[in-house]
Amino acid sequence: MDNEEKKPGEVSQTQGDPNQKIKEPVKKKRHVGFIITFSIVMGLVGILFFFLSDMFGLNYYALAIAWFIYVSFVVFGYTFLIRVRVRSWIKVVSTIGAVAIIGSFVAFGGPTREAKRAYAWNELVYTDEVSLKHGKIRGVVSRDGNTNIYTGIPYAQAPVGELRWKEPKEELNWQGVKDCTYFGPRCIQGGNPVWIDSAQKIVIEQSYIPDFEYVPLERQSEDCLYLNVYSPKGATENLPVLVYIHGGSLLHGSSSGDDYNGEALSKRNIVVVTIAYRLNVFGYFAHPALAEESPNHTTGNYGLLDQIRALEWVRDNIGFFHGDKNNVTIAGESAGSSSVSALCVSPLSNGLFKKAIGESSSIATKIPPHTFRSKQTAMEMGEDIMKEFNCKTIEELRAIPAETLVKTRFENNSMTVDGYALPKTPYEIYQEGGNHEEALLHGCNLQEADPFTIPQWLFSGAGSPNMSNYAQRLRTVFKDQTDALLEAAGQPKNDWEAYRIYNDIISSYWFNYPDYSWGKQAINNGENVYRYIFTKENRYMGAWHSGEIIYAYDNLEPMKAKYPYRYTDKDVALSKTMANYWVNFIKTGDPNGTGLPTWDKDALPCDKVLELGENVSMINDPMKKYFGPLENFENAAKLN
């Protein structure tokens, strides 16, 4: 046995000193070497992928997947390093390397920032020059030759320097021909790290399949008061006009969103305008010193005043695009819809539009649950922001760079009674019959609250609402009205039903009930009102908050061609139906038309809504059962 030939890598098991060290098998050493080498190579590949992603503008999915793959390999390799006996310095170096590489993804990952083109087509065909009130512009013709597109048109002076937190000023004249083939920058706004944005897209937008398309982030600037016009090419008559106000909680968003791109609707013989406006601390900051310096004694509604200025621009200029200034409809979703309900009662917007479309929000209720606050609360937050930046005067705060100011820890995401744009609350003005829209089309989605409540319990560690906790969670919000809400909901049979009841009640409180209240008041004031509920499921946003936009503005079909896993032919058909309703309303104030299921006017007690889903027909409002207790809750509440 002693003379027996040993196999390669085998350690001699001779008799001898029991304290003698036994060497590690060569096989394990090779394994450790392979893991270390492999981790280093994967790290270099990950870093290369990261820089290529940033260089070529690949969107968050690419980075999310690269990060996930690399982290998986690092964890896999490190697990073996822990299990295999190796020197301490190897463990330390491997750990530092893994942390450094992962940190680089989190800290620096993300697409580039650049101006977004009006039309993603290399062979641009320019429009003829258009002479506006303050100068000449040119835009770009759509690829099919049917639409003239003009983007990044200034409608007010840049609200920077001394014009920060002042009423918007009419734009100045310019020389030459302004190139309007790129969208204006987004209003400067806060953002999330790449990994959070990726998680939101995957979880909140239910978008599980990677997308490696070139998607750079848009530029941001405090100089953001620009709008976009989509006009049918060759139009000779004055056409109905739609002015769309984007959502985003009054904190973020832009006028260039693909879901509400105006090209498709413009082909139905209307002119579409999408507008940007000041957001967050730049649009809704309030302070007594600002009210004192204003000739109108206003503060806190600068974003709303921007929207009114944009409507004035439409009045003065839309005729140059063959739009009819006397047939303007305003529309918006989420915070954009809250803005629409405010514009319906502002004395400053009277005569600037005739009809209104509101999707998934309203502040025309007694105690709005969001996007509206008392003047006292607005002023107090203004004082807090002054203290946050150690400023004693408004001049000092105006000197703070926008990139610093936007990082305030206080959320300025609410309008208020300023005595100028809003002399009273929208609810009070509606009660007095002071609203001035002539017709209203509005509604909500079936599962509005899901994209808001899911992150709350997902990241808080509290877990999802279930049979054991849903009632108590509701009780912390609705106090003595909780039992009435639970009675209306019925007894859940399992955790899923408890979860759905919780979310349905929160949806009704945040969205459906304020929307219902808005319509009820408009009916009382003699308007023609049409109300819907969007219920269509798909493999993207479904019936969650904002899921209806891409349908209503007829932008779903090209997205289906691009992402066939998201939508079916039924989705395309519903989109065409909804777009027909919207366009009919924009043209005449009545959404009904040839070949469409009848959409009955809303009438008290507002039990019926038009379902927009697998079926399109009038149904009983599935959320109406919650409105009684919510009205009682609202009557007992106080505006904060």
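The values are calculated or read from the model by the stated rules, or taken from the named source; none is laboratory data. As the structure is a computational prediction, the values presented were derived from the model and not from experiment. In this analysis, Cβ positions are derived from the backbone assuming ideal geometry, glycine residues included, and neighbour counts consider all displayed protein chains. Just so you know, the surface numbers come from the protein's heavy atoms only, side chains and all, with ligands and any DNA or RNA stripped out. Shrake-Rupley method; radii C 1.70, N 1.55, O 1.52, S 1.80 Å.
Worth pointing out:
- Of all residues in the stretch 215-246, those satisfying the criterion of being open to solvent by 20 Å² or more (accessible area, probe 1.4 Å) and within 21 Å of the chain's Cα centre (by Cα) are VAL215, PRO216, LEU217, GLU218, ARG219, GLN220, SER221, GLU222, ASP223, TYR226.
- Leading residue by the ranking (least open to solvent (accessible area, probe 1.4 Å)) among those in the stretch 582-640 that are of a type in the set (S, T, N, Q) and part of a helix (DSSP H, G or I): ASN584
- Test: residue in the stretch 177-191 that is over 30 Å from ASP128 (Cα atoms), modelled with pLDDT under 55 and of a type in the set (S, T, N, Q): no
- Every pair of residues 6+ apart whose Cβ atoms lie under 7 Å, when the first sits in the stretch 478-490 and is touching a residue at least 40 places away in the same chain (Cβ under 8 Å) and closer than 9 Å to TYR626 by Cα while the second is part of a helix (DSSP H, G or I) and open to solvent by 30 Å² or more (accessible area, probe 1.4 Å): ALA488/LYS625
- Scanning the stretch 501-558 for residues that are farther than 15 Å from LEU630 by Cβ and basic (Lys, Arg) returns ARG531, LYS536, ARG539.
- Some residue of the stretch 245-257 being among the β-branched types (Val, Ile, Thr), out of contact with any Pro (no Cβ under 7 Å at 6 or more places or on another chain) and either more than 30 Å from GLY145 (Cβ to Cβ) or without any contact (Cβ under 8 Å) to a residue 12 or more places away in the chain (or both): no
- Residues that are surrounded by 12 or more Cβ atoms within 10 Å (Cβ to Cβ) and part of a loop (DSSP other than H, G, I, E, B), drawn from the stretch 467-506: MET467, ASN469, PRO492
- Residue count, the stretch 522-561 (criterion: among the acidic types (Asp, Glu), in contact with a Ser or Thr (Cβ under 7 Å, 6 or more places away or on another chain) and open to solvent by less than 20 Å² (accessible area, probe 1.4 Å)): 1
- Single residue of the stretch 390-428 satisfying the filter (exposed (fewer than 15 other Cβ atoms within 10 Å of the Cβ) and hydrophobic (A, V, I, L, M, F, W, C)) that is farthest from the chain's Cα centre (by Cα): ALA399
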